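Working notes for the structure below.
Here, each number is a calculation from the coordinates, and none is a lab measurement. Quantities reported herein were computed from a predicted structural model and do not represent experimental measurements. In this analysis, Cβ positions are derived from the backbone assuming ideal geometry, glycine residues included, and neighbour counts consider all displayed protein chains.
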Amino acid sequence: MNDHRATELSSEQYYQFTVRAQTRVGWGATARVLVLTTANRASPAAPPRPNVARSYYTVQQKEDGGTWQTLPERVDPFATSYTVDGLKPYTAYQFRIRATNDIGPSRYSNATETVRTLPAVLYE
């Protein structure tokens, strides 16, 4: 088995990789994959811990310079992560949250850095 590593790739660029295997029987079919490199690969920092009791979090998302849209689900106040479903392929998004308790809602957090979803997967 041979391992190969692609190095010195530019960020935010598409690269197509192909591979074929040869056995005693002959060459196998070519497998192709399209990869988008990204610049920000670090895990995000945890949001600051609020110092008041909270009942739930509200999450908002904004798509490609659009307006903030509130997601319908209330997020458990003890959740440490949240998955947003239904995002469009190769689309830029920002997110922000706010906490709500029996007194009312907080202000929204600062928005996340813009993140882009991966392109749709094309199978050949």
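Tell me, what is the FRET efficiency for TYR90 and GLN22 to the nearest 0.05, using R0 = 35 angstrom and their Cβ-Cβ distance as r?
Efficiency at R0 = 35 Å is approximately 0.50.
Obtain the nm distance between the two label points defined at THR83 and VAL121 by a simple spin-label model: each point lies 7 Å from its Cα along the Cα-to-C-beta direction.
Modelled inter-label distance: 1.4 nm.
What's the exposure ranking of PHE95, PHE17, going from fewest to most Cβ atoms within 10 Å?
PHE17, PHE95
Give the calculated FRET efficiency between VAL35 and SER106 to the nearest 0.05, with a Förster radius of 35 Å applied to their Cβ-Cβ distance.
Plugging the Cβ-Cβ distance into 1/(1 + (r/R0)^6) gives 0.35.
Suppose the chain between TYR15 and VAL75 were pulled fully straight at 0.36 nm per residue; how much longer would it get relative to their current alpha carbon spacing?
Taking 0.36 nm per residue and subtracting the Cα distance, the gain is 17.9 nm.
How high is the relative contact order of the range 56-116, in percent, counting Cα pairs under 8 Å that sit 6 or more residues apart?
36 percent
Order of THR117, THR83 from fewest to most other C-beta atoms within 10 Å?
Ascending Cβ contact count within 10 Å gives the list THR83, THR117.
Note the full-extension length gain between GLU8 and TRP68 as 0.36 nm times their separation in residues minus their Cα-Cα distance, in nm to one decimal.
Residue separation times 0.36 nm, minus the Cα-Cα distance, leaves 17.9 nm.
Treating the beta-carbon of each Lys and Arg as +1 and of each Asp and Glu as -1, no other charges, what is the dipole magnitude of the range 56-116 about its Cα centre, to the nearest 20 debye?
Working: 7 positive and 7 negative charges, 33 e Å.
Once rounded to the nearest 20, the dipole reads 160 debye.
Could you size up the charge dipole of the chain around its Cα centre, putting +1 on the beta carbon of Lys and Arg and -1 on that of Asp and Glu, and report it in debye to the nearest 20?
Here the chain has a charge dipole of around 140 debye.
Which loop chymotrypsin sites (Phe, Trp or Tyr not before Pro) in the range 52-92, with loop taken from DSSP, have no more than 16 other Cβ atoms within 10 angstrom of their Cβ?
Answer in residue order: TRP68, PHE78, TYR82, TYR90.
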